[in-house]
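The values are calculated or read from the model by the stated rules, or taken from the named source; none is laboratory data. Everything numeric in this text was worked out from a predicted model, so none of it was measured. Here the Cβ is made from the backbone with ideal geometry for all residues, glycine too, and neighbour counts use every protein chain on show. Just the protein is used for accessible areas: all its heavy atoms, side chains included, with ligands, DNA and RNA removed. Shrake-Rupley method; radii C 1.70, N 1.55, O 1.52, S 1.80 Å.
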Amino acid sequence: MLYYFLKRLLLAIPALWLMATAVFLLSRLLPGSFATDRILENSAGYYSKGAESDRQAAYQSYIRRTGLDQPLFYFSLAPATQPTDSLNRLYSETKQARLRKLAWHYGSEHNAEAYLSSTELIDKQLQTYPDASLKHHLQTLRAEVKYHPLQDAARKVAVVASHPQVKQAAKQVLERLQTMQQERASFAFLVPQVSWHGRQNQYHQWLMRLLQGDMGTSYRSSRPVLALLTEAIGNTWWLLICSMAITLALSLELSILMVKKKGRFLRKLLLPFLFITDSIPVFVLALLLLVLLANPDFIQLFPVYGMGYYSPQRLSFWQQLSQWWQYMTLPMLCLVLSSLPYITNQVYASIHSAMQADYTRTARAKGLAEGAVIRRHILRNSLLPIITIASDILPALVAGTLIIETIFAVPGIGRLLIDSVLARDYPVLIGIVLVIAAFRIIAFLLADLGYAWADPRIKQQLA
Amino acid sequence: MKQVWQNMVYLWRRKTAFRMAACYLMLLLLLALVLPLLPLPYGPDELDYAHTFQPPFEPTTAPDKARHLLGTDSVGRDVLSNILYGARTALLISVPVMLLATLLGLILGAGAGFYADRGFTMRRSSFCVLVLGMVCFCYYGFYLPIQITRVGLGATALAASLLTCALLLMLLSGFFVLLHKRVTSLRKRIAVPVDQMVLRLIEGLSTIPRLVLILVLASFLPPSVVLLSLILVLTIWTSVARLARAEMLRIKQLPYFEAAKSIGLSTNQLLLRHALPNLAGPVLVAFTFGLGGLLALESTLSFLNIGVPTTLVSWGRMIANIRSDTSAWWMVVFPGGFLTFTVLAFYTCSHYLTQIFSKNTRG
């Protein structure tokens, strides 16, 4: 038995690793990082009037600090023209894009970089010797990739420019442009190049930190992901466990009532009701309850949002609990109502089929009361499918909590997930995915334990 | 196929609930198709700042303007036309997505059930060509074109990349055809464990809840209907595949199928003529049931405003308006009720279909 569990746990590790890796790699493949959005924002608010160069410096230090200047993975397969130099990553994203464009177009990264630095020299000269007449041509030099317009613009700058320094710089631009054109290899991008980066890559460092228990810090709040998760998990955990327990107990009781002979009327009433409840999407159900039960216009039974206010004096345990209940009742009700139909149906079917078994007839023939037959003989035998159902509804419940926490503003994992998806806060997202997956694996293990408890024969098979 | 049709006709004649649900769904589909031709007083994105948060069934205040029958939302959009156009969006997204997902699930599930782990064999040489060809295709046919369009190199570069891809594939197969004649070990057949592969894939996709998976995937991509549909197709095929696999395993055991096998029919004939028609019923059940779930999922996503652009008219967007004023009940009750009705209709159809098909298979 122990051996079996150890095997299951060990097999779970590669699955978790694969999932985290997939999320990490996908999140880093995306163009446009969080930092460029925040730091390089030109039209930022009133307070951020920092100069362009300051922003550039801040960006570079951010990139260096977070290791974003390193290659993504152990190796990479890219066209030979693709700029792979890690220094390039320190450039701003617009400059990176420009360099990439030129390199692909002319088939040489080296020449493109030389050309780009020469155009920057012009910009620098113009800062000391401003010249408004060149603006149009400079724009061409910055945006165009085709050779002839670039050549025209560079020539015109060299002719029109009033200051010899600028003229000199323009001539250099022209020179480098010509070298680029002479050594042009239009289809160089077709040649692939495999480069090996060794251990100095983002993935390796992220994985090593993860193995040491460091999940990184949130992009949004710069707080450790672990702290955010531990803060949020408590609310979700209690919400999930309480509503799951209530749902299971309710569905068992309802099914027992329905299979009894007297339960015909209840069955006719309850099954269609459950069928209709099943088709109401969770968010509509939650909002309907919110509008109906937590609204001054209708019935104000419950507080609407959140988890209660901060109170200055320490509340006793019971006071805390009562306050918690006030805020949790409505979310729990939603969750129970949304998962009840499916579970009740399954439990009912499983108990119903056990009713037809021979041992039930024997128990009845012995003269046992109906309640005793159901509780002592039928229930025990229909436990196996019920355990399967209990471990199966977890995903539905998790999906339900996501939506319910968002609607009722409960600060739990679900809301954290939605917020991080909206803000593209990937470190938090990876953490949440890992937590949910680990949770599910543990649930499966517990279900196995439950099987062994409900049916001792399984224990022997597993051992 | 004929039997499926006969069953549906039987249900239509005998079961009132099925007939009502089917009628409602057909009307809804018709409405979604002809909606742009209908003379509605307000468009779904038309703002009417003079009448924000107007309750339903109120007479109009301006004599020259039509009334908002079901009220308006926080910026004065008409609830009625949003509901109608929302139905159109929901159906136009869900039906193609579900069709594609069903097709994918059917192919993978039926294939996995039919071939099992040893049934699908290929020569070593073809296997090598397949693997290397996939790598080539991924690089030249997929990665490079994306990069080229991103860098803006133009059509010649694109054509060059695709041409290289085709050329490499041809060279590869030619090379292996030559090698195949010389090296005998390449001619050996190896079994591809289709069943194991599909099962692992399904297991992997269902390790984390579907909604979480979709949300995480949607966070990598810009909000767009096409990309979201792609994500949906790639995540929801698993339920159809599971069902198709189980049905296929059952069909394989049936005497008629063994008889067909024993008279030496080809794999194609076995699959297309004898297995698929019997799969049609269960797959239809999965299709209707999945469609109901997909409608709910689509509006949930647009309610959370994840994966869809905010310009998309949908039930979820309308319902999300309730957050700015919780006493505006009409913004939940009408779209939510409509959504629930539609889902209910799909579930009813699927319920009756399940009943009749399980009765058929029991004999």
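Would you say residue A:354 is over 30 Å from residue B:55 (Cβ atoms) and at pLDDT 80 or above?
Values: over 30 Å from residue B:55 (Cβ atoms): yes; at pLDDT 80 or above: yes.
Spelling it out, residue A:354 is indeed over 30 Å from residue B:55 (Cβ atoms) and at pLDDT 80 or above.
Just checking, how many residues over region A:288-321 are of a type in the set (Gly, Ala, Ser) and either in contact with a helix residue (DSSP H, G or I) (Cβ under 6 Å, 6 or more places away or on another chain) or modelled with pLDDT under 75 (or both)?
The initial filter retains those residues of region A:288-321 that are of a type in the set (Gly, Ala, Ser), namely A:294, A:306, A:308, A:311, A:316.
Filter once more, so that each one left must be either in contact with a helix residue (DSSP H, G or I) (Cβ under 6 Å, 6 or more places away or on another chain) or modelled with pLDDT under 75 (or both): A:306, A:308, A:311.
Qualifying residue count for the region: 3.
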Region B:251-298, subset within 14 Å of another protein chain (Cβ to nearest Cβ) and not small (Gly, Ala, Ser), residue nearest to residue B:316 (Cα to Cα): B:298
Do we have residue B:206 as open to solvent by 30 Å² or more (accessible area, probe 1.4 Å) and among the hydroxyl-bearing types (Ser, Thr, Tyr) here? yes
Would you mind telling me which numbered condition in (1) under 29 Å from residue B:302 (Cα atoms); (2) out of contact with any Gly (no Cβ under 7 Å at 6 or more places or on another chain); (3) open to solvent by less than 60 Å² (accessible area, probe 1.4 Å) residue B:136 fails? (1)
In region A:12-51, what residues are within 14 Å of chain B (Cβ to nearest Cβ), modelled with pLDDT under 85 and open to solvent by 50 Å² or more (accessible area, probe 1.4 Å)? A:28, A:29, A:31, A:37
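Take the conditions open to solvent by 50 Å² or more (accessible area, probe 1.4 Å) and in contact with a helix residue (DSSP H, G or I) (Cβ under 6 Å, 6 or more places away or on another chain) and apply them to residue B:278. Does it pass? It would help to see each step written out before you state the result.
Working: open to solvent by 50 Å² or more (accessible area, probe 1.4 Å): yes; in contact with a helix residue (DSSP H, G or I) (Cβ under 6 Å, 6 or more places away or on another chain): yes.
Here the answer is yes, as residue B:278 does meet what is asked.
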Given the conditions (1) of a type outside the set (A, V, I, L, M); (2) touching a strand residue (DSSP E or B) at 6+ places or on another chain (Cβ under 9 Å); (3) surrounded by 15 or more Cβ atoms within 10 Å (Cβ to Cβ), which single one is not true for residue B:161? (2)
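Return the only residue of A:108, A:117 being open to solvent by 30 Å² or more (accessible area, probe 1.4 Å), at pLDDT 80 or above and under 23 Å from residue A:188 (Cα atoms). Give the derivation first.
On the way: A:108 fails: open to solvent by 30 Å² or more (accessible area, probe 1.4 Å).
Going through A:108, A:117 in turn, just one is open to solvent by 30 Å² or more (accessible area, probe 1.4 Å), at pLDDT 80 or above and under 23 Å from residue A:188 (Cα atoms): A:117.
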For residue B:289: the one exception among (1) on the phi > 0 side of the Ramachandran plot; (2) open to solvent by 40 Å² or more (accessible area, probe 1.4 Å): (1)
Provide a single number: the residues in region B:326-343 that are facing chain A (nearest Cβ under 7 Å) and either surrounded by fewer than 19 Cβ atoms within 10 Å (Cβ to Cβ) or closer than 15 Å to residue B:80 by Cα (or both). 5
Elements of type helices (runs of 4 or more DSSP H) in region B:207-262, at least 2 residues being closer than 26 Å to residue A:402 by Cβ, of a type outside the set (Gly, Ala, Ser) and within 20 Å of the chain's Cα centre (by Cα): B:210-220, B:225-253
Counting residues that are within 14 Å of chain B (Cβ to nearest Cβ) and either of a type in the set (Ser, Thr, Tyr) or free of Cβ contacts under 8 Å to residues at least 12 places away in the same chain (or both), which helices (runs of 4 or more DSSP H) fully inside region A:370-463 reach at least 2? A:383-408, A:413-423, A:426-454
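Within the group B:227, B:221, which residue is surrounded by fewer than 16 Cβ atoms within 10 Å (Cβ to Cβ), closer than 30 Å to residue A:25 by Cα and either within 14 Å of chain A (Cβ to nearest Cβ) or in contact with a Lys or Arg (Cβ under 7 Å, 6 or more places away or on another chain) (or both)? Spell out the reasoning first.
Working: B:227 fails: surrounded by fewer than 16 Cβ atoms within 10 Å (Cβ to Cβ).
Checking each option against the conditions leaves just B:221.
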Can we say residue A:218 is in contact (Cβ under 8 Å) with a residue 60 or more places away in the chain, surrounded by 17 or more Cβ atoms within 10 Å (Cβ to Cβ) and not hydrophobic (A, V, I, L, M, F, W, C)? yes
